[in-house]
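What follows is a short report on a single structure.
The values are calculated or read from the model by the stated rules, or taken from the named source; none is laboratory data. Keep in mind that what you see is a predicted model, and the values were worked out from it rather than measured. Every residue, glycine among them, receives a Cβ derived from its backbone with ideal geometry; neighbour counts consider all protein chains shown. To get the accessible areas, we keep the full protein, side chains included, count just its heavy atoms, and leave off ligands, DNA and RNA. Shrake-Rupley method; radii C 1.70, N 1.55, O 1.52, S 1.80 Å.
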Amino acid sequence: MSALAAGPTQGVDDDIVIDPVRALQRKLYRAAKADPGRRFHALYDKVHRRDVLWRAWVQVYRNGGAPGIDQTTIADVEEYGVARLLDELEVELQEQRFRPLPARRVYIPKPGQSEKRPLSIPAIRDRIVQAALKIVLEPVFEADMLSCSFGFRPRRSAHDALQVLVDESFAGKRWIVETDIANCFTAIPHDGLMSAICERICDRKVLALLRAFLRAGVMEDGAVRREAAGTPQGGVVSPMLCNVYLTRLDRRWRPAYGTLVRYADDLVAVCKSQGQAKAALAKLTEFLGALGLVPKAQKTRIVQLVEGGPGFDFLGFHHRLVRSHPRRGAGGLVFLARWPSKRAMQHARDRIRFLTMKARLAAGVEQVVAEVNLFLRGWAGYFRFGNSAEAFDKIRQYAVMRVALFVAKRHQRGRSWGFAQVYRSPVQLGLVSLNGIVVAPRANKPWREKPNADGEGRR
């Protein structure tokens, strides 16, 4: 988590901040917020500060990930010596000798699709420098970002964006424009991106370092390709740069077009009429075209939310207008419900099937159950803020079935024997339960569990 995202230290005066990196970020944010026209010219020395580089390493270490083209892993860095590597990076940056390597291009499957997503994996040393850049630059650009943007920002999450949809639909806006930007990370023009960055940054050394990362290119099939557009998806600094560029879209949006909700390159406009929805789609297409971007045709449509009608998918959830059960003679309440989308459900099944496949029979049952539980807790932790009880039951039953089949195959017995082992166990072999953890979203109510005066959770 970015240091900027952390709240103030409890019991410590606001002017006395123990963490110097956090103090730096606060100072930069306040300076940028106080003067929207200010351009920062002395930031490079902060990028190679030792405490900033150390914080960057901690973030890279926590995120883990595969090695870049140099094949250096996190374990290799620890064996080499973290302090030694940071000393080298500090000197290279001070003397302006640092040169990023091309990123390693891999393709990963998109959940529920045959299409694959290109992912660029920088070397670990490059990830550390990118993280240091992000630590220093994020507070400056965060001061300019608008409330319609939710993705990859401190103190903001997908559930904050989802809550806007609940609130706006409850207020009577029932027309949805949904789209996302086609190949956004690879389509952002470098010239336009650097122009957006230069609105706030005039430190030539920082700009040169950013350009070096943009021009480093990617290695694929042994050849290095350098494009005139794109910020490689997979880079530490890429989500922030994407937000910086798309802030130009956010600034041009007006309430008269509807309520814009943007999570990185996924966009939804909530409108009160069909005419407004059509105008909103035209404006989105126009504004994106001015940025050199286009909406993805197969994911762009206008949906009217009506009871019993079709819904739409956004941020992993399927959203649909439903009516609650009537109580005490009163009619049921019409509200925007959400539950895991078909793609999200398929992703869960695919992951559970992978963890319990025949090729893993050499692993112990306890290990496999622990890995399934780890996935289920993370998956349910995200989707619990929705009307997801039925979906949770289906995924839990699927997990039980896969674990039972795994146990049966491991002992070379029939499937009925495997199910018997699971159900005879008092805790079903330790498989986590998903019952009772769903929290239904409510209009105009915070989705987060907030601590009360005694420090206990409440809603």
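Look at Arg38 and say whether it is surrounded by 15 or more Cβ atoms within 10 Å (Cβ to Cβ), within 17 Å of Phe141 (Cα to Cα) and charged (D, E, K, R). For Arg38, the condition - surrounded by 15 or more Cβ atoms within 10 Å (Cβ to Cβ), within 17 Å of Phe141 (Cα to Cα) and charged (D, E, K, R) - is not met. Scan region 126-142 and tell me whether some residue there is surrounded by fewer than 18 Cβ atoms within 10 Å (Cβ to Cβ) and part of a helix (DSSP H, G or I). No, region 126-142 contains no residue that is surrounded by fewer than 18 Cβ atoms within 10 Å (Cβ to Cβ) and part of a helix (DSSP H, G or I).
Looking at region 81-93, is at least one residue closer than 23 Å to Met194 by Cβ, modelled with pLDDT of 95 or more, part of a helix (DSSP H, G or I) and not small (Gly, Ala, Ser)? Checked region 81-93: at least one residue is closer than 23 Å to Met194 by Cβ, modelled with pLDDT of 95 or more, part of a helix (DSSP H, G or I) and not small (Gly, Ala, Ser). The residue of region 94-118 that is farthest from the chain's Cα centre (by Cα), among those that are of a type in the set (A, V, I, L, M, F, W, C) and at pLDDT 90 or above, is Phe98. Among residues belonging to region 427-440 that are assigned to a loop (DSSP other than H, G, I, E, B), buried (at least 18 other Cβ atoms within 10 Å of the Cβ) and of a type outside the set (Val, Ile, Thr), point out the one that is nearest to the chain's Cα centre (by Cα). It comes out as Leu434.
Which of the residues spanning region 352-376 are among the acidic types (Asp, Glu) and open to solvent by less than 60 Å² (accessible area, probe 1.4 Å)? The answer is Glu371, and nothing else.
Would you tally the residues in region 195-217 being part of a helix (DSSP H, G or I) and crowded, with 18+ Cβ neighbours inside 10 Å? Give the derivation first.
Filtering region 195-217 for residues part of a helix (DSSP H, G or I) gives 195-198, 204-215.
Remaining after also requiring crowded, with 18+ Cβ neighbours inside 10 Å: 196-197, 206, 209-210, 213-214.
Residues that pass the stated criteria total 7.
Consider Arg343 carefully, then state whether it is farther than 16 Å from Val403 by Cβ, open to solvent by 70 Å² or more (accessible area, probe 1.4 Å) and at pLDDT below 95. Yes, satisfied. Selection of region 218-276 for residues being crowded, with 18+ Cβ neighbours inside 10 Å and of a type in the set (Lys, Arg) yields only Arg262. When Phe185, Phe152, Phe98 are screened for being assigned to a loop (DSSP other than H, G, I, E, B) and either within 30 Å of Arg351 (Cβ to Cβ) or among the small types (Gly, Ala, Ser) (or both), only Phe152 passes. Would you call Ala443 more than 24 Å from Gly378 (Cα to Cα), modelled with pLDDT of 90 or more and either under 33 Å from the mean Cα position of the chain (by Cα) or not acidic (Asp, Glu) (or both)? Criteria not met by Ala443.
Right, Leu53: part of a helix (DSSP H, G or I), modelled with pLDDT of 95 or more and in contact with a Pro (Cβ under 7 Å, 6 or more places away or on another chain) or not? No, not satisfied.
Here Lys358, Lys394, Lys342 are screened, and the one residue that is closer than 21 Å to Ile437 by Cα, without any contact (Cβ under 8 Å) to a residue 60 or more places away in the chain and not small (Gly, Ala, Ser) is Lys394.
Return the residues of region 256-286 that are among the hydrophobic types (A, V, I, L, M, F, W, C), touching a residue at least 60 places away in the same chain (Cβ under 8 Å) and not in a loop (DSSP other than H, G, I, E, B); say none if nothing qualifies. Even if it seems obvious, please write down each step before you answer.
As a first pass, look at region 256-286 and keep what is among the hydrophobic types (A, V, I, L, M, F, W, C): 256, 260-261, 264, 267-271, 277, 279-282, 284.
Now restrict to residues that are touching a residue at least 60 places away in the same chain (Cβ under 8 Å): 260-261, 264, 267-271, 277, 280-281, 284.
Listed by number, the residues that qualify are Leu260, Val261, Leu267, Val268, Ala269, Val270, Cys271, Ala277, Ala280, Leu281, Leu284.
The condition of being touching a strand residue (DSSP E or B) at 6+ places or on another chain (Cβ under 9 Å) and of a type in the set (Lys, Arg) holds for Arg127.
Looking only at region 155-186, count how many residues are of a type in the set (A, V, I, L, M, F, W, C) and open to solvent by 30 Å² or more (accessible area, probe 1.4 Å).
First, the residues of region 155-186 that are of a type in the set (A, V, I, L, M, F, W, C): 158, 161-162, 164-166, 170-171, 175-177, 181-182, 184-185.
Next cut, open to solvent by 30 Å² or more (accessible area, probe 1.4 Å) only: 164, 170-171, 175.
So the answer is 4.
When Arg415, Arg424 are checked against the criterion of being over 30 Å from Lys445 (Cβ atoms), open to solvent by 10 Å² or more (accessible area, probe 1.4 Å) and touching a Leu at 6+ places or on another chain (Cβ under 9 Å), a single residue qualifies: Arg415.
Residues in region 306-313: is at least one at pLDDT 95 or above, in a strand (DSSP E or B) and either within 21 Å of Val166 (Cα to Cα) or of a type in the set (Ser, Thr, Tyr) (or both)? Within region 306-313, one or more residues are at pLDDT 95 or above, in a strand (DSSP E or B) and either within 21 Å of Val166 (Cα to Cα) or of a type in the set (Ser, Thr, Tyr) (or both). When region 380-426 is filtered for residues that are under 19 Å from Arg360 (Cβ atoms) and under 25 Å from the mean Cα position of the chain (by Cα), nothing remains. When region 287-317 is limited to residues that are over 27 Å from Gly172 (Cα atoms) and in contact (Cβ under 8 Å) with a residue 60 or more places away in the chain, the one that is surrounded by the fewest Cβ atoms within 10 Å (Cβ to Cβ) turns out to be Ala297.
Does Asp191 meet the test of being more than 30 Å from Asp35 (Cα to Cα) and surrounded by fewer than 16 Cβ atoms within 10 Å (Cβ to Cβ)?
Values: more than 30 Å from Asp35 (Cα to Cα): no; surrounded by fewer than 16 Cβ atoms within 10 Å (Cβ to Cβ): yes.
No: the conditions fail for Asp191.
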